[in-house]
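The values are calculated or read from the model by the stated rules, or taken from the named source; none is laboratory data. A quick note: this is a predicted structure, and the numbers were derived from the prediction, not measured. Every residue, glycine among them, receives a Cβ derived from its backbone with ideal geometry; neighbour counts consider all protein chains shown.
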Amino acid sequence: TALIILILGLSLGLTVGRRNIRSTFFSRCEKFKEHDCKKLWDLFEKAYVNKDPCKVPVEAYNPLIAAAPFKPQCNKMMFWSKTKDVVHGLTAKRKDCFVTLEDTLLGSVLDDLTWCGKEGSKDTFTAGCPEWSECVNNPVRSFWNRSSAAFADVACGDVTAMLSGSIDTPFNSTSNFASIEVPRFKASRVKKLNVVMVIQKNAISNCNHPSLKNLRQSLDTGITYSCKDVSESRIQECGAKPEIACGACW
Ligand code: AVW
């Protein structure tokens, strides 16, 4: 009987886990009125269900992204690296000024979730999935890589990127921002890249950091570059005061 209870408990746990990510997906998706969430869930599942969780390539998400394409939002698109909390603290309040990948339909639906499938199973699992660096082709990493690329592909006008002054290398070649997004900014669409260096209390880097030379050099010829050191408190003030014009935030 102990074994039977264990098996029942396990399968119940898995079903509940699956229902959790499914219900999170739907409740977040339904806030965006213009999409068929059932169709998006089916396309999402198709990317990784019944597959080895280390064998889900970025291309597996092409049908999902094709069904909910990222719209160009010229002059508002915000990129970031190691500044997730500051950036989302701002974009949550200033949707009139900036939009990040995590503010779009697919980005917000899957933000902070973990999922994977298993060979021979129709289920979605939320525990026991590969860690980010455990294997390159894991379902979560492939989704973020594919969607970062698609979001950067539609970047246009003046683009903003928030980088961190609290780390040794604000522009790191191994980041998604450096390896996936910057190479996709095209001068035909993107006029300017405005880097905002987020300066916290114990900052160790700023706009003079040598790694930013690599950023300038990676930019497509014709895209103008600028960088400004901005205190974290100034960024928070912009979020707290809707009367500040977007162009006057820093
Ligand atoms: P990041 P990026 N384990 O702050 O420039 C789990 O380094 O790479 O910024 N999740 C991870 C790991 C890890 N070891 N490393 C990265 N991630 C995930 C999308 C995690 O969700 C936007 F458009 C973390 O918050 C930005 O412009 C996120 O990747 C750009 O890509 C970013 O890590 C930021 O990528």
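Table for the structure above
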item: Subset of the stretch 92-129 that is of a type in the set (Ser, Thr, Tyr) and under 16 Å from the mean Cα position of the chain (by Cα) - its residue that is farthest from the ligand (Cβ to nearest atom); result: 108
item: Failed criterion for residue 26 (all others in (1) without any contact (Cβ under 8 Å) to a residue 60 or more places away in the chain; (2) within 16 Å of the ligand (Cβ to nearest atom) hold); result: (2)
item: Test result for residue 226, at pLDDT 95 or above, among the small types (Gly, Ala, Ser) and surrounded by 14 or more Cβ atoms within 10 Å (Cβ to Cβ); result: no
item: The stretch 162-179 - residue that is near the ligand (Cβ under 10 Å from one of its atoms) and free of Cβ contacts under 8 Å to residues at least 60 places away in the same chain and, of those, farthest from the chain's Cα centre (by Cα); result: 174
item: Subset of the stretch 211-223 (residues that are surrounded by 12 or more Cβ atoms within 10 Å (Cβ to Cβ) and either over 24 Å from the mean Cα position of the chain (by Cα) or touching a residue at least 40 places away in the same chain (Cβ under 8 Å) (or both)); result: 211, 212, 214, 215, 218
item: Answer from 198, 182, 159 - the residue that is within 11 Å of the ligand (Cβ to nearest atom), part of a strand (DSSP E or B), buried (at least 22 other Cβ atoms within 10 Å of the Cβ) and aliphatic (A, V, I, L, M); result: 159
item: Flag for residue 43 being modelled with pLDDT of 95 or more, aliphatic (A, V, I, L, M), surrounded by fewer than 21 Cβ atoms within 10 Å (Cβ to Cβ) and within 16 Å of the ligand (Cβ to nearest atom); result: no
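Okay, residues lined up against (1) of a type in the set (Ser, Thr, Tyr); (2) surrounded by fewer than 15 Cβ atoms within 10 Å (Cβ to Cβ); (3) in a loop (DSSP other than H, G, I, E, B); (4) within 13 Å of the ligand (Cβ to nearest atom):
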| site | (1), (2), (3), (4) |
| --- | --- |
| 142 | yes, no, no, yes |
| 146 | no, no, no, yes |
| 188 | yes, yes, yes, no |
| 209 | no, no, yes, no |
